[in-house]
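Read the structure below first, then the notes.
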Amino acid sequence: MKALEIKNISKSYGGLDVLINVYFTLEQGERRAIIGPNGAGKTSLFNIISGIIKPDSGEIYLLGQNVTRLSTYLRSRLGLARTFQRNTLFNNLSILDNVELALHSTKSDSNIKDILRNWGLWDKRKVIVKELSYGEQRQIEILLALVQSPKIIILDEPTAGMSPMETKTITEMIKSLSRDITVLIIEHDMDVVFNLADGISVLHNGQILCEGSPDEIKSNPLVKEVYLGTDH
Amino acid sequence: MDSAQIIIQALNGLSYGLLLFLLATGLSLIFGLMGVINLAHGSFYMLGAYVGLAIINLTGNFVLALLGAALILAFVGILVERFFIQRLYKRELDQVLLTFGFAYIFMDVAKWIWGGTPRSLPKPPFLNSSLNILGEAFPVYRIAMIIIGLFVALALWLFLERTRVGAVIRAGVDDQEMVKAMGINIKIFFTGIFALGAFLAAFGGVIGGPIMGAYLGLDFNILVLALAVVVVGGLGTLKGAFWGSILIGFIETFGKVFFINFAIVTIYIAMALILIFKPAGLLGKEESY
Amino acid sequence: MISILNKLIPAETNLPWLAKVTMLLILVLLPFILSSYGLSLLTKVLIFGLFAMSLDILVGFTGLVSFNHASFFGVAAYTVGILVNRGFENFWLLLIPGIAIALLLAGLLGLLILRSSGAYFLMITLAFGQMLFALAWKWRSLTGGDDDGLPGIGRPEIGLPISMWNEQNFYFLVLILFIGSFLLIKKVIKSPFGKSIVGTRENELRMQSLGYNTWLIKYISYIIAAGFAALAGILYTYFNGFISPQELDWSMSGYILLMVIIGGAGTLVGPVVGAAVIIILQNLISTYTELWPLFMGLIFILCVLFARDGIVGSLLKLYQKKVGEMK
Amino acid sequence: MKSQLFKKISIVLLLFFFILTAGCSGDKTTQPEQNPIKIGLLVPYTGVFASNGYDITRGIELYFDEIGWKAAGLEIKLLKEDSEMKGPVALQKARRLVESEQIDILTGIVSSSVAYALRDYIVANEVPLILANAGAAELTKEQGSKYIFRVSFANGQYEYPMGDYVFNELKLGKITVLAPDYAAGHEKAQGFMDGFKTSGGEIIQEIYPPLGTTDFGPYLAQINKDADAVWVHFSGTDSISFVNQYAEYGLKDKIPLLSSGDLVDESSLPHQGDAPIGIISSHHYSAALNTPENQKYVKDYRAKYNDDPNMFSEQGYVAARVTVEAIEALEGDISDTEKLLSSIKKVEFKAPRGPFSFDPKTQNVIFDTYIRKTEKIDGKLRNTVIHTIPADKNPWYLLK
C-alpha cells in the first residue's frame, strides 16, 4: 500500500492552468521534497492533497483509500497532517490552547506536559501565540501538525523566513521524526532539501518536470535550467 | 402584459438598477479595498439628497446641486476617513462599528438641519416631461437616469482599466500588499477611495432625489438595497456591482409586477437563493484561499 | 471580511469570588430599592442581556456575525403568544414548544446559510430574517399582522402560588432563568466543544486540518444560540404582554449586535453590560433630548476609539494588566 | 496587594450599580405645593414618521400657549417622549411617564400598532389615553376601552362617505384602488371601497405596494386603462413620490386621481410641486376651511411657526383642548379617574375642523367630512372645500 498517490491531478483558475496531469506516489515512510520556482503550483497541490480545494480532474489516494471527495477534516482523521506556508495558528489563544486543540483534548494530561517540555515551551505555555517571535510561531506551526501523531505529514516551506540557526533546529527536528511517518515537503532552501529528502520531484508550470534522488536532481541539466540556474 | 408594458417595466428596472449602481460601486470598492462595510454609505446618499435640495433651493440649478452635493459629501467622507477610520487601521470590525455610529449621527444631523418632513427634489425643467413609447408614457427623467448611470459606469470602467491608479485599485482588491509594493501611500489611497465612494453615493442621492425623495430613514432603506446588490454581484469588483445593480433593479421591478403581494420580500428571496447556490455572489471569487 | 480576530479572549477571565457575590447581591437587592419603572428597565436589561449573550455565542465565540438572531427571539415569542391566546397556561410546558420551534428553525436555516462566510453570511442571514419578518407581517390570521400584533398575553403561570403580575416576582423569575442560562452558556463555552468553536473562530482552515468538522461545530453553535434567544423572546413576550412583527425585524438584530459589541464580544458578561448601557442610555437621553440618536452615535464612536474591546473587554484587559503587574 | 485590588473592583461594581439605580429610579423630586397637571405626550420624534410627531406637538403647544399653560388655575406640564413608532419602546416610555412621572393623561400615538401595544397597560393602570392620530377602527370598538378616546379619525370614517360622492356626484363608475400594504392602508381602502360599492360603483383593480415604496413606476404602469378614476391612500414620503410619479407617467391627464385627504395633506403639499392640482379628496380637515375658528387657528399657527397647519397639528390642537376642557369642567379636581373619563366624554366645542364631539358609545370622534379639490391660488396650493358631508349624513356612523 502506498502512503499517497496523486493520480493525474489537474486544476485551473479561469484560463490559467495551475496543475496539469500531476502524477506521483509516495511509499510509506518515504521523505519526498517538492521543489520548483514560485508559481509552479506547489501550494495549490498541497491544498488539493489536504482537501482545501477541489481538483478539476484526477484522484488522490491516501493509504490506499480514495479521498478525492473527502473533506479536509476527514482526511485529517485518516492520518494526514499539514503545515501552512504562512503561519496559521490560533493567534489569540495560548500555546497550551493551541496544542490542546490539536490533540482534541482539553485535559492537561502528562502527554501535553511532556511534549511542551520537550519543545522547551512549557514555561511559555500561557503566552498568547501572536506575542511569540516569528521563529517560535513557525515551530508551533509544525508542532501542531506533529502532535496529531499523523501517518503522513505535509510541510509547506517549514523554514521560510527563519534564521540559519532556526532553520537548522527545524531541519534536525524533522530529520529525527520516526521513519514510520511519511513526509512530503515543499522547500526552497536546497541545503534543507538535500539534507532531508530521499527523493525530489520538480514541479514547473504545473507539471512534474522530473523525479529522482537528490544526486540525480542535482545533476539534471533541465532542473538547473528552470530552477537552480535562475534561482541560485 | 403587452410588449409596450414589458418595455416600460424593463426601462423602470434599468433606471432603478443604475441608480443603485451609483450607490453600490462605492460600497463595493470600499469593502474590496479596505475591508470595511461602510454602514454610513446610505447616509452619504441621504445627505447628498438633502444638500442637493438645499443647493437647488438656493440657486435653482440642478447640475450645480449635483456636483456641489457630491463634492461636499466627498469632503465629509475625507474627514470621516482621515480622522476616524484611519485611526483604526486594520481593525475592520471596529471600523464597521464606527461607520454605524456615524450613520446615527448623520441621521440626526439631517433631522436637526432640515426637520423631519419628507421632501422631494424638483426635476430639472428640461427633463420634466414624458416620452411616448408604443403608446405608453415614460418619464424623460428616467431615461436621463439610465444615460447618466451608464455614463458613470463607463467612466469608472475606463478609470479602473485604463489608468495607473485604476490598475492599483484593481490590484489592491486582490492583495493590499501589492499596493504598498507599488510605492503608493496606502493612507492617501484609502482616503481617496472612501471619498470616491461618498462622492458617488451623494451623486446618486441627487440623481435619485426626484424619485426617492429625501426623508429620515432613507439612509437605511437604501443601504439595505445597496448591500443586497453588492453581495449578489460579488464584493469588490465594478463588474459585480454593475450586474448586481441591474439584476436587483429588475428583480425589484418585476417583483412588483408579478408577485405583487410579496414585493416586500422579493429582493430577500432572490438574495437568499443566489447565496445558497453561489455563497460568494454571482461574480465573486468562490475560493478565496 | 468582518472578523473578530482582533478580539481577545482572555485566558483567565475569572473574577474574584467577592466581585461575583457582590454582583449577585446587587441583582437580588435592586428590586427592593428601585422604583417600579426602574424595575421594569432592569427586567428588560436582563432579558436583553440574555438575548445578547446568546448572540455572543455566535459573534464573539464562533465568529459568525449573524443578522437574523431576532428571528429566533420572535418565532419563539409568537409560538408562546399564540398558544397562550389559545388557552395554554403552564409556563414551563410552554417553554418546550417555544424553544423547540426556534431550534428547529435554526436547524433548517443553518443547513442553508453556513456555506457563506463573512459579509456574505451577514447578508444571507439578513435575507432570511427579513423573510420571516414579512411572514409575521402578512400572516394576519396567525400573528395578528402588523397593526394589532398579538396583544393580551398575560403573565406566566409557573405553577406556584406566586403571582407574576407582581413586577418583583416576575423580575425574580427572569433573574433565575437569566442566571441559569448564564451558567449553562458558560459551561458550554468552557467545555471541549466551547474550545472548538473558539478554534473555529480563530482559524477555520487549521481546525479542518486538525480533523475538526468545522461546519458541524458552527451548525451546533448556531442552534444553541437560537435556543437561548428563544428563551429571551418568550420572557420578553410575557414582559410586554404583546408581540408585533417588529420583534423579528433586522433592526432588532442590529440593536442586539450593538449591545454585544459595545459590551465586549467574546466575553459573557460584556453583552449584558452592553444591554444595560444601551437600554438605560436610550431611556435616559431620550427623556432630555429628541436628538438622542446623535448621542448614541457619539457614544459608539467614543467606545470604538477608546474602548476597542467593548466595555467589559477593556476592563478585563486593564484588570489582567494589573494582576500581571502585581505578580 | 491582591485583596486590595478585589476591594477596588467591588467598589467600582457597586458604584456602577449605584449609578444604574439612580438612572432607573427616575425623578422622584419633591412635589410642589400645588400639583401641576401632567400630560404625557408619546409620539415618534425619530424615523420616517418623525414629522407627524413634531406636527402633533406643535398643535398641542399652540393651544397651551393660547391658554397660558394653565387649566382651572393649575399649571400644565407637558412631558414628551419619543415612541420611535415601536410598540415595545412606546410601552417602556409609557411606563416611565405613568410610574415615574405619574401623568394624569396620555396623548399622542401616531401608529395603531403602538396603540394596541399600549392598550393593556393603559387599562391596567387606569390612565386616560387620548389618541391624536392612530386610526385602527377596532381601537374604539371591540378592542376599545373606557380609557381610550380618539380625537383624530377611525380608518374609513372619512373615506367611506366619499364613495357615494364619487359615484353619484362625480359620476365615476369604475375605479382602481391603490394603498400601502399594511393594516391601515387596507382598512382605509376597504372603507372607501365599501362606501363606493354600496352606492353602486365597481372596483376593477386593487394594488397594494409595500409601505415605504418610493419608486411607484412599476405599479403605475400596471394601472388598468379602463378605470374612470384612481383612488389612492398614501401619506408622508409615499404621498410625495406617488403624486409626482403619477404625473410623470402621463396618468394625470388620462385618469382623474381621487384620494383620502392624507395624500394631499398640507404637510405634503409644499413638496409635491404642481402635480396634485385637481385631485379630489375627502378629509376631516382642510387648512383652507372658511370658518372663523379655523381662520384664527391658521393665523396663530402661522404666526408661531411660520408654516401652514396640517391634519396632524390640528389633531394635536384638538387633543390638547379636549384635556383642558375636561379638566376645567371638573374645576381642576382630577383625583377621581372615573369622573375625569366622563368629563372627557362630554367635551364639545367648535374646533378648527368644525363641530367636535365624542360618540358616547365608542368614544371615537364625530366630525363632518369635507370633499376638497386641490387648487393653486395666488401661487400656493390649497385644498378648497367643494362639498361638506355632515356627520349625520355619513353612513359610516351607522356601520357596525
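From the list C:PRO156, C:PRO161, C:PRO245, C:PRO192, pick out the single residue that is within 14 Å of chain D (Cβ to nearest Cβ) and not aromatic (Phe, Trp, Tyr).
Details: C:PRO156 fails: within 14 Å of chain D (Cβ to nearest Cβ); C:PRO161 fails: within 14 Å of chain D (Cβ to nearest Cβ); C:PRO192 fails: within 14 Å of chain D (Cβ to nearest Cβ).
Going through C:PRO156, C:PRO161, C:PRO245, C:PRO192 in turn, the sole match is C:PRO245.
Of the residues in region A:71-87, how many are open to solvent by 30 Å² or more (accessible area, probe 1.4 Å) and either part of a loop (DSSP other than H, G, I, E, B) or away from chain C (no Cβ under 14 Å) (or both)?
Filtering region A:71-87 down to residues open to solvent by 30 Å² or more (accessible area, probe 1.4 Å) leaves A:71, A:73-74, A:77-78, A:85-87.
Still in the running and either part of a loop (DSSP other than H, G, I, E, B) or away from chain C (no Cβ under 14 Å) (or both): A:71, A:78, A:85-87.
Residues in region A:71-87 being open to solvent by 30 Å² or more (accessible area, probe 1.4 Å) and either part of a loop (DSSP other than H, G, I, E, B) or away from chain C (no Cβ under 14 Å) (or both): 5 in total.
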Failed condition for C:TRP137, given (1) more than 22 Å from the chain's Cα centre (by Cα); (2) more than 27 Å from B:VAL231 (Cβ to Cβ); (3) buried (at least 20 other Cβ atoms within 10 Å of the Cβ):
(2)
Considering region A:45-70, residues that are open to solvent by 10 Å² or more (accessible area, probe 1.4 Å) and touching a helix residue (DSSP H, G or I) at 6+ places or on another chain (Cβ under 7 Å), and then whichever is farthest from A:ASP180 (Cα to Cα), we arrive at A:PRO55
Would you confirm whether or not region B:72-81 contains a residue that is in contact with a helix residue (DSSP H, G or I) (Cβ under 6 Å, 6 or more places away or on another chain) and modelled with pLDDT under 90?
no
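Under the condition of being within 16 Å of D:GLN92 (Cα to Cα) and crowded, with 23+ Cβ neighbours inside 10 Å, which residue from region C:269-282 is nearest to the chain's Cα centre (by Cα)?
At the first step, the residues of region C:269-282 found to be within 16 Å of D:GLN92 (Cα to Cα) are C:275-282.
Still in the list and also crowded, with 23+ Cβ neighbours inside 10 Å: C:275-276.
Details: C:ALA275: 9, C:ALA276: 12 Å.
Residue satisfying both the conditions and the ranking: C:ALA275.
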Considering region D:89-122 alone, what residues qualify as being of a type outside the set (Ser, Thr, Tyr), open to solvent by 10 Å² or more (accessible area, probe 1.4 Å) and over 27 Å from D:LEU330 (Cα atoms)?
D:VAL89, D:VAL110
Here the residues within region B:109-128 that are open to solvent by less than 60 Å² (accessible area, probe 1.4 Å) and either more than 8 Å from chain D (Cβ to nearest Cβ) or assigned to a strand (DSSP E or B) (or both) are B:VAL109, B:ALA110, B:TRP114, B:ARG119, B:LEU121, B:LYS123, B:PRO124, B:LEU127
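Would you be able to tell me the number of residues in region D:71-110 that are assigned to a loop (DSSP other than H, G, I, E, B) and facing another protein chain (nearest Cβ under 8 Å)? Show your work before the answer.
Filtering region D:71-110 for residues assigned to a loop (DSSP other than H, G, I, E, B) gives D:72-73, D:83-86, D:101-104, D:109-110.
Filter again for facing another protein chain (nearest Cβ under 8 Å), leaving D:86.
Number satisfying all stated conditions: 1.
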If I ask for residues that are open to solvent by less than 20 Å² (accessible area, probe 1.4 Å), outside any helix (DSSP H, G or I) and either under 28 Å from D:ASP164 (Cα atoms) or in the same structural domain as D:GLN245 (by TED's automatic domain parsing) (or both), which ones from region D:289-317 would you list?
D:LEU289, D:ASN310
Return the total of residues in region C:235-257 being within 23 Å of C:LEU175 (Cβ to Cβ), in contact with a Gly (Cβ under 6 Å, 6 or more places away or on another chain), not aliphatic (A, V, I, L, M) and not in a helix (DSSP H, G or I).
1
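Tell me, please, whether a residue that is hydroxyl-bearing (Ser, Thr, Tyr) and open to solvent by 10 Å² or more (accessible area, probe 1.4 Å) can be found in region C:169-188. Before you say what the answer is, go through the steps one by one.
Of region C:169-188, the ones hydroxyl-bearing (Ser, Thr, Tyr) are C:171, C:181.
Restricting the remaining residues to those that are open to solvent by 10 Å² or more (accessible area, probe 1.4 Å) gives none.
Scanning region C:169-188, I find no residue that is hydroxyl-bearing (Ser, Thr, Tyr) and open to solvent by 10 Å² or more (accessible area, probe 1.4 Å), so the answer is no.
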Taking region C:189-233 on its own, how many of its residues are open to solvent by less than 30 Å² (accessible area, probe 1.4 Å) and touching a residue at least 24 places away in the same chain (Cβ under 8 Å)?
20
If C:MET164 passes every condition in (1) open to solvent by 60 Å² or more (accessible area, probe 1.4 Å); (2) among the hydrophobic types (A, V, I, L, M, F, W, C); (3) in contact (Cβ under 8 Å) with a residue 24 or more places away in the chain but one, which one does it miss?
(1)
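When you scan region A:138-232 for helices (runs of 4 or more DSSP H) that lie fully inside it, which ones turn up with 3 or more residues that are polar (S, T, N, Q)? It would help to see each step written out before you state the result.
On the way: elements: A:164-175, A:190-196, A:214-219.
Per the criteria, A:164-175.
Tell me which helices (runs of 4 or more DSSP H) are completely within region B:187-289 and hold 2 or more residues being more than 7 Å from every other protein chain (Cβ to nearest Cβ) and open to solvent by less than 10 Å² (accessible area, probe 1.4 Å), or say none if there are none. Step through it out loud before you land on a result.
Working: elements: B:218-233, B:238-258, B:266-277.
So the answer is B:218-233, B:238-258.
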Tally, over region C:95-110, of residues that are crowded, with 20+ Cβ neighbours inside 10 Å and within 20 Å of C:GLY81 (Cα to Cα):
5
Neighbours by Cβ (under 9 Å, 6+ apart or cross-chain): first from region C:296-311, facing another protein chain (nearest Cβ under 8 Å); second polar (S, T, N, Q) and assigned to a loop (DSSP other than H, G, I, E, B):
C:ARG308/C:ASN6
What is the number of the single condition among (1) surrounded by fewer than 20 Cβ atoms within 10 Å (Cβ to Cβ); (2) at pLDDT 85 or above that A:ILE200 does not meet?
(1)
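Mind listing just one residue for me: the one in region D:221-244 that is under 23 Å from B:ILE251 (Cβ atoms) and crowded, with 24+ Cβ neighbours inside 10 Å and, of those, modelled with the lowest pLDDT?
Filtering region D:221-244 down to residues under 23 Å from B:ILE251 (Cβ atoms) leaves D:221-223, D:237-238, D:241-242.
Filter once more, keeping what is crowded, with 24+ Cβ neighbours inside 10 Å: D:221, D:237-238, D:241-242.
Details: D:ALA221: 88, D:THR237: 84, D:ASP238: 88, D:SER241: 89, D:PHE242: 93.
If we take residues in region D:221-244 being under 23 Å from B:ILE251 (Cβ atoms) and crowded, with 24+ Cβ neighbours inside 10 Å, then D:THR237 is modelled with the lowest pLDDT.
The values are calculated or read from the model by the stated rules, or taken from the named source; none is laboratory data. Source: prediction; values computed, not measured. Cβ sites come from the backbone with ideal geometry, for glycine too, and all protein chains shown count toward neighbours. All accessible areas refer to the heavy atoms of the entire protein, side chains included, with ligands and DNA or RNA removed. Shrake-Rupley method; radii C 1.70, N 1.55, O 1.52, S 1.80 Å.
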